């Protein structure tokens, strides 16, 4: 059953703090391609990362450890890079740590409704 307007998940959009480090390389808004975004979101782990950022963010951006994923660091680095290079997330370097947040305004401008679908997605149950 599809979620109704009354049951849709609420996407959290937090204010941008002052004095942020420059973002890592990413596509400009006009260069974000639907096929790249869909390719990045085709992996359930990456879709779960984006969904968690959309619904559970406690701060503007989050380090990899916040997600509680039991994966090797090299694997997580790959997944976060795929999301950033597709234009789904923005990453910034804070010393040795990279933090991520979803490019909500950019993606809503390019593909209205896409993030609402991600937020409403139900992750598969671990077996």
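Only the coordinates and a few stated rules stand behind these numbers; no lab work does. Since the model is a prediction, treat every value here as computed from it, not as a measurement. Note that each Cβ is placed from the backbone with ideal geometry, even for glycine, and that neighbours are counted across all protein chains shown.
Observations on the structure shown:
- Rounded if a/c under 1.5, otherwise prolate or oblate - region 69-127, Cα gyration tensor axes: oblate
- Each label point was placed 7 Å from the Cα along the Cα-to-Cβ direction; for residue 42 and residue 94 their separation is 3.3 nm.
- Computed over the chain, relative contact order equals 37 percent, with contacts defined as Cα pairs under 8 Å that lie 6+ residues apart.
- Potential lengthening between residue 34 and residue 22 on full extension [0.36 nm per residue; Cα-Cα distance subtracted]: 1.9 nm
- Each label was represented as a point 7 Å from its Cα along the Cα-to-Cβ direction; for residue 10 and residue 77 these points are 3.8 nm apart.
- Global geometry of region 7-61, whether rounded, prolate or oblate, following the gyration tensor of its Cα atoms and the 1.5 cut on a/c: oblate
- Judged by the mean number of other Cβ atoms found within 10 Å, the most tightly packed of the peptides 56-64, 87-95, 11-19 leads the ranking 87-95, 56-64, 11-19.
- Three-way shape call for the chain based on the alpha-carbon gyration tensor, with the a/c threshold at 1.5: rounded
- Distance from the alpha carbon centroid of region 54-83 to that of region 24-51 works out to 14 angstrom.
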